[in-house]
Amino acid sequence: MAAALVLAASLPGKAQAVTETPVEAEVENGPLRGTLLAPDGAAKAAIVIIPGSGPTDRDGNNPLGVDASYLKMLAEALAARSVASIRIDKRGMFGSRGTFPDPNAVTFDDYAADALAWVAVAKEKAGVDCVWLAGHSEGGLVALVAAQEAGAALCGLVLLAAPGRKMGVVLAEQLRANPANAAILDEALDAIASLERGERVDAAGLDPSLQGLFFSPAIQDFLIDAFARDPAALIADVTLPVLIVQGGADLQVNAADAEALARAQPKAEHVVLPGMNHVLKAVPEGDTAANLAVYGDPSLPLAPGLAEAVANFILRER
(Lines give C-alpha, C1' and ligand atoms only; values in the text may rest on other atoms or scores of the structure.)
Protein backbone atom coordinates (compact mmCIF):
# COMPACT_ATOMS: atom_id res chain seq x y z
CA MET A 1 0.00 0.00 0.00
CA ALA A 2 1.27 3.48 -0.87
CA ALA A 3 2.56 5.80 1.80
CA ALA A 4 0.41 8.55 3.24
CA LEU A 5 0.44 11.96 1.57
CA VAL A 6 0.38 15.09 3.73
CA LEU A 7 -1.73 17.91 2.26
CA ALA A 8 -3.15 21.21 3.45
CA ALA A 9 -6.83 21.99 3.74
CA SER A 10 -7.89 25.54 4.33
CA LEU A 11 -10.69 27.63 5.72
CA PRO A 12 -10.89 31.39 5.33
CA GLY A 13 -8.18 32.84 7.49
CA LYS A 14 -6.51 29.58 8.51
CA ALA A 15 -5.07 26.33 7.18
CA GLN A 16 -4.99 22.85 8.65
CA ALA A 17 -2.68 20.01 7.69
CA VAL A 18 -4.41 16.80 6.65
CA THR A 19 -3.13 13.35 5.78
CA GLU A 20 -4.37 11.34 2.80
CA THR A 21 -3.89 7.57 3.06
CA PRO A 22 -4.99 4.62 0.89
CA VAL A 23 -7.18 2.23 2.88
CA GLU A 24 -8.82 -1.14 2.26
CA ALA A 25 -11.91 -3.00 3.44
CA GLU A 26 -11.83 -6.78 3.30
CA VAL A 27 -14.87 -8.45 1.72
CA GLU A 28 -15.34 -11.60 -0.32
CA ASN A 29 -13.77 -11.11 -3.78
CA GLY A 30 -12.20 -7.85 -2.54
CA PRO A 31 -10.44 -5.97 -1.25
CA LEU A 32 -12.40 -2.75 -1.58
CA ARG A 33 -10.23 0.34 -1.78
CA GLY A 34 -10.69 3.95 -0.79
CA THR A 35 -8.97 7.06 0.49
CA LEU A 36 -8.82 8.21 4.11
CA LEU A 37 -8.49 11.96 4.49
CA ALA A 38 -7.85 12.87 8.10
CA PRO A 39 -6.96 16.09 9.91
CA ASP A 40 -3.67 16.07 11.76
CA GLY A 41 -4.36 15.35 15.41
CA ALA A 42 -7.54 13.79 16.69
CA ALA A 43 -10.54 13.84 14.36
CA LYS A 44 -13.73 15.11 15.96
CA ALA A 45 -15.86 12.82 13.76
CA ALA A 46 -15.56 10.46 10.80
CA ILE A 47 -17.71 9.83 7.75
CA VAL A 48 -17.81 7.34 4.86
CA ILE A 49 -18.82 8.92 1.53
CA ILE A 50 -20.76 6.65 -0.85
CA PRO A 51 -20.78 7.69 -4.53
CA GLY A 52 -23.82 7.74 -6.79
CA SER A 53 -24.98 5.61 -9.68
CA GLY A 54 -23.06 3.98 -12.48
CA PRO A 55 -19.27 3.98 -12.86
CA THR A 56 -18.72 6.84 -10.42
CA ASP A 57 -15.41 6.78 -8.58
CA ARG A 58 -14.44 7.82 -5.08
CA ASP A 59 -13.89 11.45 -6.15
CA GLY A 60 -17.32 11.71 -7.79
CA ASN A 61 -16.03 11.43 -11.35
CA ASN A 62 -17.48 9.24 -14.07
CA PRO A 63 -16.06 8.31 -17.50
CA LEU A 64 -19.48 9.05 -19.00
CA GLY A 65 -18.83 12.78 -18.72
CA VAL A 66 -18.58 13.82 -15.07
CA ASP A 67 -15.28 15.37 -13.99
CA ALA A 68 -16.30 17.70 -11.18
CA SER A 69 -14.40 15.98 -8.30
CA TYR A 70 -17.17 17.05 -5.93
CA LEU A 71 -16.80 14.17 -3.47
CA LYS A 72 -13.07 14.79 -3.17
CA MET A 73 -13.79 18.47 -2.54
CA LEU A 74 -16.35 17.57 0.11
CA ALA A 75 -13.80 15.34 1.86
CA GLU A 76 -11.23 18.15 1.80
CA ALA A 77 -13.72 20.67 3.16
CA LEU A 78 -14.73 18.32 5.97
CA ALA A 79 -11.09 17.60 6.87
CA ALA A 80 -10.60 21.34 7.24
CA ARG A 81 -13.36 21.18 9.86
CA SER A 82 -11.75 18.30 11.79
CA VAL A 83 -13.91 15.60 10.21
CA ALA A 84 -12.08 12.56 8.83
CA SER A 85 -13.55 10.82 5.80
CA ILE A 86 -13.18 7.72 3.69
CA ARG A 87 -14.34 8.05 0.11
CA ILE A 88 -14.71 4.77 -1.71
CA ASP A 89 -14.69 2.97 -5.04
CA LYS A 90 -17.66 0.65 -5.40
CA ARG A 91 -17.14 -3.11 -5.62
CA GLY A 92 -15.94 -4.24 -9.03
CA MET A 93 -14.92 -0.73 -10.14
CA PHE A 94 -11.72 1.31 -10.28
CA GLY A 95 -9.51 0.54 -7.27
CA SER A 96 -12.11 -1.92 -5.95
CA ARG A 97 -12.07 -4.22 -8.99
CA GLY A 98 -10.84 -7.07 -6.81
CA THR A 99 -11.86 -10.42 -8.27
CA PHE A 100 -15.54 -9.58 -8.71
CA PRO A 101 -16.61 -11.46 -11.86
CA ASP A 102 -19.12 -8.79 -12.91
CA PRO A 103 -19.52 -5.32 -11.32
CA ASN A 104 -23.12 -5.24 -12.55
CA ALA A 105 -24.02 -8.43 -10.68
CA VAL A 106 -24.68 -6.52 -7.47
CA THR A 107 -27.60 -5.66 -5.20
CA PHE A 108 -28.28 -2.85 -2.78
CA ASP A 109 -27.78 -5.35 0.02
CA ASP A 110 -24.25 -5.92 -1.31
CA TYR A 111 -23.52 -2.21 -1.45
CA ALA A 112 -24.98 -1.72 2.02
CA ALA A 113 -22.82 -4.50 3.47
CA ASP A 114 -19.79 -2.90 1.83
CA ALA A 115 -20.69 0.47 3.36
CA LEU A 116 -20.85 -1.08 6.83
CA ALA A 117 -17.48 -2.75 6.24
CA TRP A 118 -16.11 0.72 5.50
CA VAL A 119 -17.72 2.06 8.69
CA ALA A 120 -15.67 -0.45 10.68
CA VAL A 121 -12.48 0.63 8.89
CA ALA A 122 -13.20 4.31 9.47
CA LYS A 123 -13.96 3.72 13.14
CA GLU A 124 -10.59 2.05 13.61
CA LYS A 125 -8.52 4.41 11.47
CA ALA A 126 -10.04 7.64 12.80
CA GLY A 127 -10.20 6.49 16.41
CA VAL A 128 -13.85 7.49 16.91
CA ASP A 129 -16.73 5.77 18.69
CA CYS A 130 -19.04 5.76 15.67
CA VAL A 131 -19.01 6.77 12.01
CA TRP A 132 -21.44 8.61 9.73
CA LEU A 133 -22.56 7.43 6.29
CA ALA A 134 -22.93 10.11 3.63
CA GLY A 135 -24.62 8.92 0.44
CA HIS A 136 -24.80 11.00 -2.72
CA SER A 137 -27.71 10.37 -5.10
CA GLU A 138 -28.08 6.57 -5.43
CA GLY A 139 -25.51 6.35 -2.61
CA GLY A 140 -28.17 7.86 -0.35
CA LEU A 141 -30.38 4.86 -1.00
CA VAL A 142 -27.42 2.60 -0.19
CA ALA A 143 -26.97 4.46 3.11
CA LEU A 144 -30.66 4.02 3.95
CA VAL A 145 -30.46 0.27 3.28
CA ALA A 146 -27.30 0.01 5.38
CA ALA A 147 -28.96 1.82 8.28
CA GLN A 148 -31.59 -0.93 8.54
CA GLU A 149 -28.90 -3.37 9.71
CA ALA A 150 -26.45 -1.03 11.39
CA GLY A 151 -25.23 -1.43 14.93
CA ALA A 152 -23.68 0.97 17.39
CA ALA A 153 -20.78 1.76 15.04
CA LEU A 154 -23.05 3.96 12.89
CA CYS A 155 -23.66 7.51 14.15
CA GLY A 156 -26.25 8.51 11.56
CA LEU A 157 -26.81 9.47 7.91
CA VAL A 158 -26.16 12.40 5.61
CA LEU A 159 -28.27 12.18 2.45
CA LEU A 160 -26.96 14.38 -0.37
CA ALA A 161 -29.30 14.81 -3.36
CA ALA A 162 -30.78 11.42 -2.49
CA PRO A 163 -33.98 10.04 -4.04
CA GLY A 164 -37.00 10.20 -1.77
CA ARG A 165 -39.32 8.44 -4.19
CA LYS A 166 -38.86 5.07 -5.86
CA MET A 167 -36.14 5.27 -8.49
CA GLY A 168 -38.44 4.24 -11.32
CA VAL A 169 -40.57 7.29 -10.54
CA VAL A 170 -37.51 9.54 -10.50
CA LEU A 171 -36.20 8.14 -13.79
CA ALA A 172 -39.58 8.53 -15.49
CA GLU A 173 -39.72 12.15 -14.33
CA GLN A 174 -36.23 12.82 -15.69
CA LEU A 175 -37.20 11.40 -19.07
CA ARG A 176 -40.42 13.41 -19.23
CA ALA A 177 -38.55 16.63 -18.40
CA ASN A 178 -36.48 16.51 -21.60
CA PRO A 179 -38.51 17.34 -24.76
CA ALA A 180 -35.88 15.52 -26.85
CA ASN A 181 -37.19 12.24 -25.41
CA ALA A 182 -40.68 12.66 -26.88
CA ALA A 183 -40.22 10.05 -29.61
CA ILE A 184 -39.04 7.33 -27.22
CA LEU A 185 -40.90 8.33 -24.07
CA ASP A 186 -43.76 5.84 -24.24
CA GLU A 187 -41.35 3.00 -24.97
CA ALA A 188 -39.10 4.02 -22.06
CA LEU A 189 -42.02 4.33 -19.64
CA ASP A 190 -43.29 0.88 -20.62
CA ALA A 191 -39.82 -0.55 -19.94
CA ILE A 192 -39.69 1.15 -16.54
CA ALA A 193 -43.11 -0.27 -15.68
CA SER A 194 -41.94 -3.77 -16.59
CA LEU A 195 -38.88 -3.49 -14.38
CA GLU A 196 -41.02 -2.12 -11.55
CA ARG A 197 -43.09 -5.31 -11.81
CA GLY A 198 -39.88 -7.32 -11.52
CA GLU A 199 -39.96 -8.32 -15.20
CA ARG A 200 -36.90 -8.07 -17.46
CA VAL A 201 -37.22 -6.19 -20.75
CA ASP A 202 -36.26 -7.41 -24.22
CA ALA A 203 -33.64 -4.73 -24.82
CA ALA A 204 -33.15 -5.81 -28.44
CA GLY A 205 -36.68 -4.65 -29.16
CA LEU A 206 -36.10 -1.17 -27.76
CA ASP A 207 -35.01 1.95 -29.59
CA PRO A 208 -31.20 1.83 -29.88
CA SER A 209 -30.87 4.96 -27.73
CA LEU A 210 -32.50 3.11 -24.83
CA GLN A 211 -30.65 -0.18 -25.12
CA GLY A 212 -27.41 0.99 -23.57
CA LEU A 213 -28.57 4.11 -21.76
CA PHE A 214 -30.93 2.62 -19.17
CA PHE A 215 -32.03 -0.84 -20.13
CA SER A 216 -28.92 -2.84 -21.00
CA PRO A 217 -29.49 -6.52 -20.15
CA ALA A 218 -26.37 -6.37 -17.96
CA ILE A 219 -27.97 -3.97 -15.47
CA GLN A 220 -31.63 -5.00 -15.56
CA ASP A 221 -31.44 -7.21 -12.47
CA PHE A 222 -29.84 -4.31 -10.59
CA LEU A 223 -32.57 -1.95 -11.84
CA ILE A 224 -35.29 -4.36 -10.72
CA ASP A 225 -33.73 -4.34 -7.24
CA ALA A 226 -33.34 -0.55 -7.30
CA PHE A 227 -36.90 0.11 -8.44
CA ALA A 228 -38.29 -2.10 -5.65
CA ARG A 229 -36.65 0.00 -2.90
CA ASP A 230 -38.74 2.73 -1.28
CA PRO A 231 -36.53 5.44 0.25
CA ALA A 232 -39.41 6.96 2.21
CA ALA A 233 -40.26 3.63 3.84
CA LEU A 234 -36.60 3.03 4.65
CA ILE A 235 -35.99 6.43 6.26
CA ALA A 236 -39.16 6.06 8.33
CA ASP A 237 -37.48 3.15 10.13
CA VAL A 238 -34.20 4.97 10.81
CA THR A 239 -33.84 5.97 14.46
CA LEU A 240 -30.41 7.60 14.10
CA PRO A 241 -29.88 11.30 13.31
CA VAL A 242 -30.35 12.12 9.62
CA LEU A 243 -29.43 15.20 7.59
CA ILE A 244 -31.20 15.66 4.24
CA VAL A 245 -29.41 18.09 1.89
CA GLN A 246 -31.02 19.14 -1.38
CA GLY A 247 -29.92 21.60 -4.04
CA GLY A 248 -32.49 23.93 -5.51
CA ALA A 249 -30.84 23.72 -8.94
CA ASP A 250 -30.63 19.90 -9.08
CA LEU A 251 -31.77 18.61 -12.49
CA GLN A 252 -31.73 14.93 -11.51
CA VAL A 253 -33.14 14.69 -7.97
CA ASN A 254 -35.45 17.52 -7.01
CA ALA A 255 -37.20 19.08 -4.05
CA ALA A 256 -40.01 16.52 -4.17
CA ASP A 257 -37.51 13.83 -3.18
CA ALA A 258 -36.09 15.70 -0.20
CA GLU A 259 -39.61 16.62 0.89
CA ALA A 260 -40.72 12.99 0.68
CA LEU A 261 -37.81 11.96 2.89
CA ALA A 262 -38.52 14.76 5.38
CA ARG A 263 -42.22 13.85 5.58
CA ALA A 264 -41.40 10.21 6.18
CA GLN A 265 -38.88 11.04 8.92
CA PRO A 266 -39.95 14.28 10.67
CA LYS A 267 -37.00 14.09 13.08
CA ALA A 268 -34.53 14.51 10.21
CA GLU A 269 -32.92 17.88 9.59
CA HIS A 270 -33.73 19.20 6.09
CA VAL A 271 -31.43 21.74 4.42
CA VAL A 272 -32.04 23.31 1.00
CA LEU A 273 -29.20 25.12 -0.77
CA PRO A 274 -30.96 27.16 -3.49
CA GLY A 275 -28.18 27.41 -6.10
CA MET A 276 -26.68 23.93 -5.74
CA ASN A 277 -26.90 21.40 -8.57
CA HIS A 278 -26.59 17.61 -8.55
CA VAL A 279 -22.79 17.63 -8.43
CA LEU A 280 -22.89 19.91 -5.38
CA LYS A 281 -21.71 23.07 -7.19
CA ALA A 282 -23.32 26.51 -7.40
CA VAL A 283 -24.87 27.28 -10.81
CA PRO A 284 -26.79 30.18 -12.41
CA GLU A 285 -30.52 29.94 -11.79
CA GLY A 286 -32.58 28.73 -14.73
CA ASP A 287 -29.60 28.09 -17.06
CA THR A 288 -29.70 24.39 -17.93
CA ALA A 289 -26.70 24.54 -20.26
CA ALA A 290 -24.54 26.21 -17.61
CA ASN A 291 -25.80 23.73 -15.02
CA LEU A 292 -24.74 20.75 -17.13
CA ALA A 293 -21.41 22.35 -18.06
CA VAL A 294 -20.45 22.33 -14.37
CA TYR A 295 -20.46 18.50 -14.43
CA GLY A 296 -17.22 18.60 -16.40
CA ASP A 297 -15.45 21.38 -14.52
CA PRO A 298 -13.29 20.37 -11.53
CA SER A 299 -12.05 23.93 -11.02
CA LEU A 300 -15.31 25.18 -9.51
CA PRO A 301 -15.68 25.02 -5.72
CA LEU A 302 -18.45 23.34 -3.76
CA ALA A 303 -21.68 25.23 -3.35
CA PRO A 304 -21.45 27.73 -0.49
CA GLY A 305 -22.86 26.40 2.76
CA LEU A 306 -22.65 22.70 1.89
CA ALA A 307 -19.57 21.74 3.90
CA GLU A 308 -20.70 23.92 6.80
CA ALA A 309 -24.14 22.29 6.87
CA VAL A 310 -22.70 18.77 6.90
CA ALA A 311 -19.89 19.44 9.38
CA ASN A 312 -22.04 21.46 11.78
CA PHE A 313 -24.72 18.78 11.84
CA ILE A 314 -22.46 15.81 12.51
CA LEU A 315 -20.31 17.65 15.05
CA ARG A 316 -23.43 18.78 16.90
CA GLU A 317 -25.02 15.32 16.83
CA ARG A 318 -21.95 13.20 17.53
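The values are calculated or read from the model by the stated rules, or taken from the named source; none is laboratory data. Remember, it's a predicted structure, so these values are computed and weren't measured experimentally. Note: ideal-geometry Cβ built from the backbone for every residue, glycine included; neighbour counts use all protein chains shown.
Please count how many residues of the stretch 202-231 are hydrophobic (A, V, I, L, M, F, W, C) and modelled with pLDDT of 95 or more.
The total comes to 6.
Please specify each residue of the stretch 120-137 satisfying the condition of being under 15 Å from the mean Cα position of the chain (by Cα) and over 17 Å from residue 79 (Cα atoms).
Answer for the stretch 120-137, where residues must be under 15 Å from the mean Cα position of the chain (by Cα) and over 17 Å from residue 79 (Cα atoms): 135, 136, 137.
What number of residues in the stretch 272-317 are outside any loop (DSSP other than H, G, I, E, B) and among the hydroxyl-bearing types (Ser, Thr, Tyr)?
2
Out of 135, 140, report the one residue that is closer than 23 Å to residue 315 by Cα, assigned by TED's automatic domain parsing to the domain that holds residue 49, out of contact with any helix residue (DSSP H, G or I) (no Cβ under 7 Å at 6 or more places or on another chain) and not hydrophobic (A, V, I, L, M, F, W, C).
Values: 135 fails: out of contact with any helix residue (DSSP H, G or I) (no Cβ under 7 Å at 6 or more places or on another chain).
Among 135, 140, only 140 is closer than 23 Å to residue 315 by Cα, assigned by TED's automatic domain parsing to the domain that holds residue 49, out of contact with any helix residue (DSSP H, G or I) (no Cβ under 7 Å at 6 or more places or on another chain) and not hydrophobic (A, V, I, L, M, F, W, C).
Would you be able to tell me the number of residues in the stretch 78-108 that are in contact with a helix residue (DSSP H, G or I) (Cβ under 8 Å, 6 or more places away or on another chain) and either without any contact (Cβ under 8 Å) to a residue 40 or more places away in the chain or within 14 Å of residue 33 (Cα to Cα) (or both)?
Final tally of qualifying residues: 7.
Going through the stretch 99-117 one residue at a time, which ones are under 16 Å from the mean Cα position of the chain (by Cα), of a type outside the set (Gly, Ala, Ser) and either modelled with pLDDT under 95 or under 14 Å from residue 149 (Cα atoms) (or both)?
Those that are under 16 Å from the mean Cα position of the chain (by Cα), of a type outside the set (Gly, Ala, Ser) and either modelled with pLDDT under 95 or under 14 Å from residue 149 (Cα atoms) (or both): 108, 109, 110, 111, 114, 116.
Just a yes or no: is a residue in the stretch 170-188 buried (at least 21 other Cβ atoms within 10 Å of the Cβ) and in contact with a Leu (Cβ under 7 Å, 6 or more places away or on another chain)?
Yes, the stretch 170-188 contains a residue that is buried (at least 21 other Cβ atoms within 10 Å of the Cβ) and in contact with a Leu (Cβ under 7 Å, 6 or more places away or on another chain).
Check whether at least one residue in the stretch 245-253 is crowded, with 18+ Cβ neighbours inside 10 Å, in contact (Cβ under 8 Å) with a residue 40 or more places away in the chain, part of a strand (DSSP E or B) and of a type outside the set (Val, Ile, Thr), and report yes or no.
Scanning the stretch 245-253, I find at least one residue that is crowded, with 18+ Cβ neighbours inside 10 Å, in contact (Cβ under 8 Å) with a residue 40 or more places away in the chain, part of a strand (DSSP E or B) and of a type outside the set (Val, Ile, Thr), so the answer is yes.
Show the residue pairs meeting these rules: Cβ distance below 8 Å; 6+ apart or different chains; first residue within the stretch 278-293 and more than 20 Å from residue 257 (Cβ to Cβ); second residue part of a helix (DSSP H, G or I).
Correct list of pairs: 284/290; 284/291.
Among the residues of the stretch 177-187, are any farther than 30 Å from residue 272 by Cβ and either touching a Lys or Arg at 6+ places or on another chain (Cβ under 8 Å) or part of a helix (DSSP H, G or I) (or both)?
Looking through the stretch 177-187, at least one residue is farther than 30 Å from residue 272 by Cβ and either touching a Lys or Arg at 6+ places or on another chain (Cβ under 8 Å) or part of a helix (DSSP H, G or I) (or both).
Being surrounded by fewer than 24 Cβ atoms within 10 Å (Cβ to Cβ), touching a strand residue (DSSP E or B) at 6+ places or on another chain (Cβ under 6 Å) and assigned to a helix (DSSP H, G or I) is the filter here; which residues of the stretch 78-108 pass it?
Selection gives 95 alone.
Residues in the stretch 143-159: is at least one part of a strand (DSSP E or B), out of contact with any Phe, Trp or Tyr (no Cβ under 7 Å at 6 or more places or on another chain), touching a residue at least 12 places away in the same chain (Cβ under 8 Å) and surrounded by fewer than 24 Cβ atoms within 10 Å (Cβ to Cβ)?
Yes, the stretch 143-159 contains at least one residue that is part of a strand (DSSP E or B), out of contact with any Phe, Trp or Tyr (no Cβ under 7 Å at 6 or more places or on another chain), touching a residue at least 12 places away in the same chain (Cβ under 8 Å) and surrounded by fewer than 24 Cβ atoms within 10 Å (Cβ to Cβ).
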